[in-house]
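Report on one structure; see the data block that follows.
The values are calculated or read from the model by the stated rules, or taken from the named source; none is laboratory data. Since the structure is predicted, the reported quantities are computational estimates derived from the model, not experimental observations. Cβ atoms come from the backbone with ideal geometry, glycine included; neighbour counts cover every protein chain shown.
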Amino acid sequence: MKRIKNKRTTIGILVAFFALTLIIGACSTEKNTFITRTYHSTTAKYNGYFNAKELIRIGLEDYRKNYREDYNKILAIELMPNEDDVVDFYPVVDTAIAKCQTVISKHSMPTSSKPSKKKTEHARWIDQNWFIIGYANYIRRDYDQALKNFEYIRKFYVDRPSTYTGQLWEAKTYIKMGDLSEATRAIQKLEVRANKVVMADIEKPKKKKRSKAKYAKSKSSDEDDIPELPKNFVYEFAKVKAMLALAKDDSQIAIEELRKALDKAPNKVDKARLSFILGQLLQREGDPGARAFYTQSIKKNASFEMSFNAKINRAVVSDLNDQAMIEELEDLAKEERYLEFRDQIYFAMAKVELGRNDRTVAKYDLTKSVFYSLNNPRQKGVSYEKLGDLSFEEKNYVFAQKYYDSSAKVIPETYFNFEVIKNKADKLANLVEDIDLITFEDSVQRIAKMGEKDREQFLKDVIKQIQKEEQEKKEREALRAEQMRKLQQTYAEQNQKTGSKWYFSNPKASKEGLEEFRRIWGQRENEDYWRLSKKPARIAFDFVENDTIPQDSLKGGADVAEKVAADELTVEGLLTDIPLTDSLMALSNERLLEALYSSGMIYKEQLDESQMGAVQFQRVLDHNIENEHNVLSAFQLYTINEKSSKAGQYETYILNNYPNSDYANYLRDPDYFIKKKERDALALKDYLRSVTRFEQGLFYPVILKAEKVIDEEPDNVFRKEYFLLKAMAMGQINQDKTSLLPVLEQAILEYPETDVAIRSQELIDLINNGVPPFEEFTVTDAELFSMDSKEYYVLVFLEEGQNGNSSANNVSNFNRDYFSRLRLTTSSQIYDKITSFVMIKDFISTSDAKDYIRDFRKTKRHIGNLMENELMFISRENFKVMLQKLKLVEYREFFENTYK
């Protein structure tokens, strides 16, 4: 028994020794054996590729679940973090890159410190680790590095399916970089290679199976060694072609390739997204076939918001009749789970009504869209914009301005038409101001012409009317406020957390379950049969149609704070605005005529409404009051009616009443303004010559020239400038500076409220009051700071109450999570008794430092309120100068002027 036991022990030791030998041997990356290949391939797959891929997949799923897409635009075929959000993704992709880099360095066979010089690879899955590194850089928006990774995969692993994957993602990267020509070449080359694989498979005998790739790079390869295409290659390749077509704005090719991709899509999520995008593209082309794809997207369990937008779009682009579309949209509006989206539903209904030319109902739907838009400023702004467009088309420019103004105040500045809306509101604002002024002056003048008793009775009636309208307005506003309160309360009820203690009172599980439910089913009431869509709506608002213009867009022409309350109005108070004297009436007429001419010019020049402008110009003449706007209005009427018989009467009016005006001269000589322009050019040349003489010290000739222009050339466009030039020349030759006063005072008298008058007054003050005492000043040394450097620091200046050490630790944690690849160091520094900062180094270029500051300001994790502190970067050399010479203020100015 003892001998048997010893024998078993010896065998056990031998087996253990043999296993240990195998394990140790398997760890070698230089021996190409079955055991080493299996060990390193398995480790590369699970320790690197699998873990990193799962990390990125979970991160992307979480991002896509929480990201709110803009369904007013064509959706991206692949949703990736944008420039603003990618900083939060850094920890995920950097961890994935680090995992794969570690695996490659430890398990690549044979090991090579320089992959570009490596000639072969025996381990499987190493190529997939390289792909994950490129994929992570692609997500990170580091496209240059991603391109290098994908190019390496394509060139080195020519005997593996990953070579096609590398080339495919090269094309994707070129598209993201905007290099569409290179992307096109990459796709064309990949298509040639893929076709060779397909032809090779067709030509091979069916019984002969393709041998697996040997996973060793060979210097020469024939068609027998062509690797197979990777899984889902047809699907991915069609997507890339569609991405390129969309980047080139070629909808037809994009639709064709997306149809191919949809047929090969591996899961419902991808099918739902591609179906929706196909629907969008067909909708843009006016193809009613979009309805089928929107329906398909809904059936493939699209996300709640995508499903809703698919239903909205499906209703307005189908081949149904208009009434059927309206009914379909009304059914959506009745569903309480879509309460948050009613603004979009009513906007879609307005578009349908406009399609059948019912502008009244369309306006009503648009005002309802505005009403229901509580948390969607974009939709509210777009609805206002559409109302403005409708009013503009109807030539109701006053209402149009108010709508555009409301739109510009709520719509995001990123909206593609924001600047156009703002410009329309600004340009029409002057017209609205003029029309309000015309209305007011017409009214007060009409009242002023009444008899005293009639005037008093009229004002009493006006007060009663104002008080009545004010009361009606308060009632409408109270009703609208109550509607808004109910609407907001309903939103709150739908979004509040339930008090149910489910999952054994686990709040985390309850919260996650609620979020998952809402993601799939949207906002739902806690009621029976909640999955049924055909239910009567519990809440029905009696929408108040106050006016065509929603109440919150009406601002009025005067400051509300300056208005007297309606119940405090008196006849005596209103009489203060009535021009009852000749002087007040003259001022009223001046304001009225100026507003009439100004509004006429806006109609004619900006809005291309010559006839509406002519009405305003004619009103100026009809007042028959001598005014500077008479000749201007008559000339505008002449140009408007130049090709009709009416032009003669305005020509006669100008020649008889203003024979010496420029306009009369033009009527006598059509080349008058051309000649005047030539005279003005000569006058400029003479003036510049006089300025040059002044600079040369030839003061007497300058004085003589100035006196000649002032006395003999009243039409010289530079006459007022000659006053200043004469005064300055006299100051150079006269000891008594008071001799300049008559010239300066004459300039102010003849040209008040001009730059010359302001400057003349300044010189008069200097002569009368004396020159202020000389104050020393210093000029910043331009050579104090240098521009070029190979090393830069970022400084985070601390505010009062912020601890240096704890702030430095927080920044260090931030760097570890988001910028681990840069190997940054962090320290706390003191500049003086009141100023301290956290210093982060080293950055090799200003662009790296700028990118760091940009991302620092986007992320609150770890750093908290530090993201709002003052940040700037500084070179190592400039940092030394700043500390040694205490030139922080000067460097701030240098930084602002140089880098911002």
Open item on the list: Out of the residues in the stretch 286-306 meeting the condition of being assigned to a helix (DSSP H, G or I) and in contact (Cβ under 8 Å) with a residue 60 or more places away in the chain, tell me which one is nearest to E256 (Cα to Cα).
Closed with: M306
Open item on the list: Restricting to the stretch 557-578, name every residue that is part of a loop (DSSP other than H, G, I, E, B) and at pLDDT 75 or above.
Closed with: L569, T570, T576, D577, I578
TODO: Name the residue, out of N656, N624, N660, that is on the phi > 0 side of the Ramachandran plot and out of contact with any Pro (no Cβ under 6 Å at 6 or more places or on another chain).
DONE: N624
TODO: Please state which one of L354, L339, L332 is assigned to a helix (DSSP H, G or I), more than 17 Å from V382 (Cα to Cα) and touching a Leu at 6+ places or on another chain (Cβ under 9 Å).
DONE: L339
Task: The lone exception for A200 - which of (1) at pLDDT 90 or above; (2) in contact with a helix residue (DSSP H, G or I) (Cβ under 7 Å, 6 or more places away or on another chain); (3) over 26 Å from A315 (Cβ atoms) it fails - done: (1)
Task: Search result, residues across the stretch 658-704 that are closer than 29 Å to E626 by Cα and outside any helix (DSSP H, G or I) - done: Y658, P659, N660, S661, D669, P670, D671
- [ ] Looking at (1) free of Cβ contacts under 8 Å to residues at least 12 places away in the same chain; (2) in a loop (DSSP other than H, G, I, E, B); (3) closer than 18 Å to I853 by Cα, find the lone condition where G801 falls short.
- [x] (3)
TODO: Answer with yes or no whether E393 is exposed (fewer than 14 other Cβ atoms within 10 Å of the Cβ) and either closer than 22 Å to I602 by Cα or assigned by TED's automatic domain parsing to the domain that holds H623 (or both).
DONE: yes
Task: Some residue of the stretch 826-842 being under 23 Å from D84 (Cα atoms), of a type in the set (F, W, Y) and at pLDDT 85 or above - done: no
- [ ] Would you please list the contacts, defined by Cβ atoms under 7 Å and residues six or more apart or on different chains, that run from a residue in the stretch 231-253 that is outside the structural domain of G289 (by TED's automatic domain parsing) to a residue that is outside any helix (DSSP H, G or I) and among the charged types (D, E, K, R)?
- [x] S251/E285
- [ ] Could you figure out which of (1) surrounded by fewer than 16 Cβ atoms within 10 Å (Cβ to Cβ); (2) in contact (Cβ under 8 Å) with a residue 24 or more places away in the chain; (3) under 30 Å from A96 (Cβ atoms) isn't true of R876?
- [x] (3)
Task: Looking only at the stretch 16-65, and only at residues there that are charged (D, E, K, R), surrounded by 14 or more Cβ atoms within 10 Å (Cβ to Cβ) and within 26 Å of G134 (Cα to Cα), the one that is modelled with the lowest pLDDT - done: R37
Task: Pairs, first under 14 Å from L632 (Cα atoms) in the stretch 578-603, second of a type in the set (K, R), C-beta under 6 Å, six or more apart - done: L596/R619
Task: Where a residue in the stretch 71-98 is at pLDDT below 90 and surrounded by fewer than 17 Cβ atoms within 10 Å (Cβ to Cβ) and its partner, wherever it lies, is among the aromatic types (F, W, Y) and in a loop (DSSP other than H, G, I, E, B), with Cβ under 7 Å and at least six apart - done: none
- [ ] Please identify the pairs in which a residue from the stretch 170-198 that is in the same structural domain as K241 (by TED's automatic domain parsing) has its Cβ atom under 9 Å from the Cβ atom of a residue that is of a type in the set (K, R) and in a loop (DSSP other than H, G, I, E, B), counting only partners at least 6 apart or on another chain.
- [x] K176/R141; L180/K248; T184/K248
Open item on the list: Every residue in the stretch 604-637 that is touching a residue at least 24 places away in the same chain (Cβ under 8 Å) and charged (D, E, K, R), please.
Closed with: K604, E609
Open item on the list: On the basis of being more than 23 Å from N149 (Cα to Cα), among the basic types (K, R) and at pLDDT 65 or above, does K172 make the cut?
Closed with: no
Open item on the list: Suppose the filter is closer than 25 Å to Q802 by Cα and modelled with pLDDT under 90; does V889 pass it?
Closed with: yes
Open item on the list: Report every pair of residues separated by at least 6 positions or lying on different chains whose Cβ atoms are under 6 Å apart, first residue within the stretch 263-279 and in contact (Cβ under 8 Å) with a residue 24 or more places away in the chain and under 19 Å from E61 (Cβ atoms), second surrounded by 19 or more Cβ atoms within 10 Å (Cβ to Cβ) and not aliphatic (A, V, I, L, M).
Closed with: A265/K271; K268/K300; K271/K300; A272/S297; A272/K300; F276/S297
